[in-house]
Amino acid sequence: MNRLLPVGSVVMLDLDIKEKVMIIGRLMKMTEEDGTIWDYCGCIIPQGLQNPEQIRLFNHKDIRRLLFVGYQDEEELGYSLALSEEKEKNK
């Protein structure tokens, strides 16, 4: 089982564009009609989230480079494990 990265992690999705994305949410479903569940949602840094159209939705397999791992403590590790189990259940 792949554990999801914590909120605050910074990744690159395309090495050519060199755009840095900070994870701000996990296991996101943006619309009820679509039903697609994305592993992550993020925003471009250093700009941050300025409007809803700037949200990036992506899956763990889309990450090309991990630049920074967000804050982790016991509570985060337990929550991350629960999210990963939920993701496996919904495959």
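The values are calculated or read from the model by the stated rules, or taken from the named source; none is laboratory data. Because the structure is a prediction, the values reported are computed rather than measured. Heads up, the Cβs are rebuilt from the backbone with ideal geometry, glycines too, and the neighbour counts pull from every protein chain shown.
Worth a mention:
- Any hit, region 75-84, residues being closer than 15 Å to ARG3 by Cβ, of a type in the set (Asp, Glu) and exposed (fewer than 12 other Cβ atoms within 10 Å of the Cβ): yes
- Filter result for TYR79 (out of contact with any helix residue (DSSP H, G or I) (no Cβ under 6 Å at 6 or more places or on another chain), of a type in the set (Ser, Thr, Tyr) and not in a strand (DSSP E or B)): yes
- Filter pass, GLY25 being under 15 Å from the mean Cα position of the chain (by Cα), under 18 Å from GLU86 (Cα atoms) and small (Gly, Ala, Ser): yes
- Restricting attention to region 20-74, the residues that are surrounded by 10 or more Cβ atoms within 10 Å (Cβ to Cβ), modelled with pLDDT of 90 or more and part of a helix (DSSP H, G or I) total 2.
- Some residue of region 9-17 being within 19 Å of ARG64 (Cβ to Cβ), modelled with pLDDT of 95 or more and of a type in the set (Val, Ile, Thr): yes
- The single condition among (1) surrounded by 10 or more Cβ atoms within 10 Å (Cβ to Cβ); (2) free of Cβ contacts under 8 Å to residues at least 60 places away in the same chain; (3) part of a loop (DSSP other than H, G, I, E, B) that ASN2 does not satisfy is (2).
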